Structures are given as C-alpha cells and as structure tokens.
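Trainee: Take this structure, written in structure tokens, and hold onto it; I'll ask about it next.
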Amino acid sequence: MPEPYPALAGLVVVSLEQAVAAPFATRQLADLGARVIKVERPGSGDLARGYDRTVRGMSSHFIWLNRGKESVQLDVRSPEGNRHLHALVARADVLVQNLAPGAAGRLGIGHTELAARHPRLITCDISGYGSTGPYRDRKAYDLLVQSEAGLLSITGTPDTPSKVGLSIADICAGMYAYTGVLTALLDRARTGRGTRLEVSMLEALGEWMGYAEYFTRYGGTAPARTGASHATIAPYGPFPTGDGQSVMLGLQNDHEWAAFCTTVLRRPDLLGDARFTGNADRVRHRTELDEIVRATTLSLTAEDLLARLDQAATAHARQRTVEEFGDHVQLRARGRWAPFDSPVGELTGLVPPVTVHDRTTTRLRPVPALGEHTESVLAWLAEPAQESQQGAAACPLI
C-alpha cells in the first residue's frame, strides 16, 4: 500500500479569512496537504466560531470549514502584529483574504503593495461584489447575494420565493477561489511568476445562474418557481405514495419516458398520447401528466414504487432527511466517513470528494483551537527562511 500523498505538501498558504467563502477555499487546499496558516482576531477569532454551539460546544460551520489549518492570533493593525503578518506573507506561496473592501491595502498586503517585493506570490481576494463598480463597498451576505443574482426569483414555490438552504453564494465563490489558486500555481510553475486572483460572490453565483439567464434572455420569460419540480423537465419532482411517503422522479429523455409508461405506470397507451410525445409537450401539459402519475404512485407503497422504478431503470430517489443522509448506505459502502481531531474531541466527517485511486488519500487533519499555533508559527518565522517556502522537493508547483 503506498503512503498517503498530500499533493500540495510544502505549499504555504496564509489566509486572513472569516465566515464561509475564503475558509471553504483554503480548507480544500489544506485537504490536499498545504500548510494553511489562518490569521484570526485576538480573543474572538473568525466570526464563524460563534455561529452556533451544536458540535459539543463548537460551531458546526467552523468545524466544517477549518479542518487541517493552523490558527494564529494576531492584531494585524498593531505595529507588532502587522510586522508578523508581513513576515508570514514573505514566507507564503499564496495569500487569501476576504476582508472588508480596502482593508488589505490599509494593512499593506494589497496585491499592488506586494507584487514588487514578492513576485512569486499568488494573492486571492474574495469579496461580495468585486473591487470596482457601484456595489464595491456593499456588505454581502449569502442571502443578499442570492437575491441580487436572481436565485430567489427561481427558487421556491409559485407563491413563496425561497433561499437555498446552504450558503451557496459563499460556497461557489470559495470553489472558484480554490480552482483559481490551483490554476495560478500551474501558471507559476511555467512562468515563475505569481498573480492576483479576484473572485466575487455575485459573479461566481452568476456563473451558476447561466442556464436561467439564457432561458430568460432568449426565451422571454424566467424559469418558473416549481418547488421541488423542474421548470423545464416533466415528470420531475416529488410524488406521494399510498403509505404516506414521497419518491422523487427525474425523467430526462424519451427512452426513460417509454420505460416509465410501460413498466411503472403500466400505461403503454400514453406513448401515443400527443400531449406527452416529447419533453416540451410533457412540460406544457404538466398538470394533466402529474395527475396521471399520482394516480399510480398513490396506489402503491414506496417500496413497490421503487421496485418498479428499478425494474424500468428510471431515475428516482428517496426524499431523505439530513439525518438519513448521514447514515446513507452508499456513503458507508464506499468508506466516505473518517475521524478527525478537534478541540472538543474526535469527530467524524466526509472524506474529500475527489478520490485519487492510485494513491491513498490523506488523513483528515484536526480543527484548530483559537490561537493554538501562534507560538509555533512565530517560532518558525524566527528561523532562517528556506528556499522556495520550505517545500520545493515535496511540491513541484512551488
């Protein structure tokens, strides 16, 4: 069995981060083996530490976003703290920040200030709306960006616009920051130069709104809010069963429709019904179609319906709770849960979703207590700097 292969071992990432977007990006880098040094406010730290106390007294958000990092408490606005911050940046390969607009420049760590002194440094600035434009200085929380991007207008029921139940604007911005850093590392390996990356939550979520925007711009109307159904596919969404449960259907093509009519509904006559010939026809006559489908699903138990769907090889799913997801048979069968340490003891989390099959995956590293690594990191800064930020042999991208 080969040893674990942390792909980014030796890479030093310094992050002035809080909440979700930037911590989500840097946790992906930490999971790949990078040394992520998280700079936090003395006393209170990342504001996500106080979101809740549901994980044995710690915040569920913080546990999720900060595994594998080192926590350093610094008052970066004080002369001594700012000096330590600049010493950290001088040792870093990547600097990530999602401070308030203009704050990085005031601290002397804006890209313009750093580019001349550290030409190999990659900087990544994450914000709500970007560094220019009339929204530059606006506060940007996830709900607000979902609203500005039009996501609420197409999410929910016909009567009630709804936000996505996760911090999707933060998450997608974090993922684009993460992939942007990896791209910049590849570019630096080729050119020897660092670069500045900028990711805004509005633009990141806007990319994910692409289909809806094209649909609206060229179709003349926005996709309708359809709850758990789909604005442009039918039959699609939850259907009740006779024993009070709900099964999700998601037919995607005419081949599935034929099998669904024959094997699940046992209504082959529907294949000749002009109302349902193609998907566009089925969407146009969704109300009539849903009534026909419900008549069958309500006559069956959930297990009987699922058996028919399996026999027809028709796309479907159970409507699971979060608790049921945590005990999902598929994830257990694939060994996707693993233990990791934290200030409140051993916890369990999902293994990173990209599986590298020719090497064992890296272990899940601990969640840091506030300021847990301040002394060790400052001691490291006092040591002579090694060429290429300590890790060229381990990480060729450095």
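Just so you know, all these numbers are worked out from the coordinates, no wet-lab data involved. Keep in mind that what you see is a predicted model, and the values were worked out from it rather than measured. Glycine gets a Cβ as well: all are built from the backbone with ideal geometry, and neighbour counts include every protein chain shown.
Trainee: How large is ³J(HN,Hα), in whole Hz, for each residue of region 118-130 in order, when computed from phi with the Karplus curve 6.51 cos²θ - 1.76 cosθ + 1.60 and θ = phi - 60°, using x for Gly and Pro?
Mentor: Once θ is set to phi - 60°, the couplings for region 118-130 become 10, x, 8, 6, 9, 10, 9, 9, 10, 9, x, 10, x Hz.
Trainee: Continuing with this model, one more query. Would you kindly derive the ³J(HN,Hα) couplings of region 20-36 from the backbone phi angles with the Karplus curve 6.51 cos²θ - 1.76 cosθ + 1.60 (θ = phi - 60°), listing them in order in whole Hz, with x for Gly and Pro?
Mentor: Going residue by residue, I get 10, 4, 5, x, 5, 5, 6, 5, 4, 5, 5, 4, 8, x, 5, 8, 9 Hz, with x marking Gly and Pro.
Trainee: To continue, here is another question. Helix-only estimate, please: 222 nm mean residue ellipticity of the chain, summing -39500 (n - 2.57) across DSSP H runs of length 4 or more and dividing by its residues, to the nearest 500. Working shown, then result.
Mentor: Values: 16 runs with 142 residues, N = 398.
That comes out to -10000 deg cm²/dmol.
Trainee: Check Leu251: other-chain or 5+ apart residues with amide H under 5 Å from its amide H, H built from backbone geometry?
Mentor: none
Trainee: List Ser342, Ser246, Ser167, Ser15 from most exposed to least, where exposure is judged by having the fewest other Cβ atoms within 10 Å. Write down the numbers at each step before the final one.
Mentor: Values: Ser342 19, Ser246 14, Ser167 23, Ser15 28.
Going from least to most buried by this count: Ser246, Ser342, Ser167, Ser15.
Trainee: Could you list which residues have their amide H under 5 Å from that of Val55, counting only those 5 or more apart in sequence or on another chain, with H placed in the peptide plane?
Mentor: Amide H to amide H, under 5 Å and 5 or more residues apart or across chains, Val55 pairs with Ser60.
Trainee: List the residues whose amide H sits under 5 Å from the amide H of Leu11, counting only those 5 or more places along or on another chain, with H placed 1.01 Å from N in the peptide plane.
Mentor: It is Arg35, by chain and number.
Trainee: A further question on this structure: Taking every DSSP beta bridge with both residues inside the chain, roughly what % is antiparallel (nearest 5)?
Mentor: Numbers: 14 of 37 bridges.
Just about 40 percent of them are antiparallel.
Trainee: Cβ under 15 Å from Gly130's Cβ, Gly130 left aside: what net charge do those residues give with Lys, Arg +1 and Asp, Glu -1? Spell out each step's value before the answer.
Mentor: On the way: positive: Arg136, Arg138, Lys139, Arg196; negative: Asp125, Asp137, Glu148, Glu198, Glu203, Glu207.
Here the charged neighbours net out to -2.
Trainee: Of all trypsin sites (Lys or Arg not before Pro) in region 79-143, which ones are in loop regions per DSSP and have a Cβ with at most 12 other Cβ atoms within 10 Å? Don't skip to the end; give the middle numbers.
Mentor: On the way: sites: Arg83, Arg91, Arg106, Arg117, Arg120, Arg136, Arg138, Lys139; in loops: Arg117, Arg120, Arg136, Arg138, Lys139.
For trypsin sites (Lys or Arg not before Pro) across region 79-143 that sit outside H, G, I, E and B with at most 12 neighbouring Cβ atoms in 10 Å, the list reads Arg117, Lys139.
Trainee: Now for a separate question. So what's the projected area for the chain, the Cα convex hull averaged over all directions, in nm²?
Mentor: Details: hull surface 95.4 nm².
Answer in nm², one decimal: 23.9.
Trainee: Related question: Sort Phe239, Phe215 by Cβ crowding within 10 Å, fewest neighbours at the top.
Mentor: On the way: Phe239 21, Phe215 16.
Starting with the residue having the fewest Cβ neighbours, the order is Phe215, Phe239.
Trainee: If you don't mind, there's one more thing I want to ask. Just check region 342-381 against the gyration tensor rule for me: Cα atoms, a ≥ b ≥ c as the square roots of the eigenvalues, rounded for a/c under 1.5, and otherwise prolate or oblate depending on whether a/b exceeds b/c.
Mentor: Values: a/c = 4.13, a/b = 1.70, b/c = 2.43.
Verdict is oblate for region 342-381.
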